[in-house]
Ligand code: FES
């Protein structure tokens, strides 16, 4: 896997968490070098669109969500939640919008509290390893200036503590094991006595030099435990990013 061009564009990739899509917000991200605009419309529909207006190419992420439509910031063309079809051209009031004008959109899945997409057909037999109904807590995602294969080496050594044990000092009876489930996914289980926590970690190849890490805790701690768990994993992600980027710098000619 030497770069984004080698990666199977048909597979499902995590892009962001459901918390990244509050009402009226257009989330911007890249997948395999493709700029994307991600937003949630009425009915809970999540749109993953090419981040370019089909009229003159302005980024849709600088537009605005108006009810069930996204309005481009330049000439105000509106594109419909779900289909991406142009629904209105302000300069031509009373006339039907041209049918040919439609934002390119990609398939969407919500699973494990994350938003997933794929850039090419046919749909692979294997979907995300999490379903859409369990108790999941998305962790804070993080960008790493490194390629997925390099980040994966560091994620294979991911070690964390059970959420319910974070308030107490670490003890010798704690353990954690991480297994790679595919080229872009890991499952990690931490134990302390009868306390257990499980996380899934996923890689988003942003471009040839950048990888986003997404994480999901397979439980919903309440109150301070939730804050502690989010902080714990954010610290571990930060250390992992620093180690990974340090390795890239050290190998640079
Ligand atoms: S560039 Fe978007 S409406 Fe013209």
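Quick note: the coordinates plus some simple rules give every number you see, no bench work behind them. These numbers were taken from a predicted model, which means no experiment stands behind them. Neighbour counts are summed over all protein chains in view; Cβ atoms, including those assigned to glycine, are modelled from backbone coordinates with ideal geometry.
As a length-normalised measure over Cα pairs under 8 Å and 6 or more apart, the relative contact order of segment 66-106 settles at 30 percent. Full extension of the chain between residue 58 and residue 125 yields a length gain of 20.6 nm, computed as 0.36 nm times the residue separation minus the alpha carbon distance.
Extending 7 Å from Cα along the Cβ direction at residue 101 and again at residue 35 yields two label points whose distance is 1.9 nm. Using 0.36 nm per residue and subtracting the Cα-Cα separation, the extra length available between residue 173 and residue 45 on full extension is 41.6 nm.
Averaging the sequence gap over all C-alpha pairs within less than 8 Å and six or more residues apart, then dividing by the number of residues, gives segment 184-253 a relative contact order of 19 percent. Compared with the dominant principal axis of the Cα atoms in the chain, helix 223-251 is inclined by about 90°. Between residue 140 and residue 252, residue separation times 0.36 nm minus the direct Cα-Cα distance comes to 37.4 nm.
The label-point distance for residue 239 and residue 83, in a model that sets each label 7 Å from Cα toward Cβ, rounds to 5.2 nm. Cα centroid distance between segment 179-253 and segment 44-59, in Å? Segment 179-253 and segment 44-59 have Cα centres spaced 30 Å from each other. Counting only DSSP H runs of at least 4 residues, each contributing -39500 (n - 2.57), and dividing by the residue count of the chain, the helix-based mean residue ellipticity at 222 nm comes to -5000 deg cm²/dmol.
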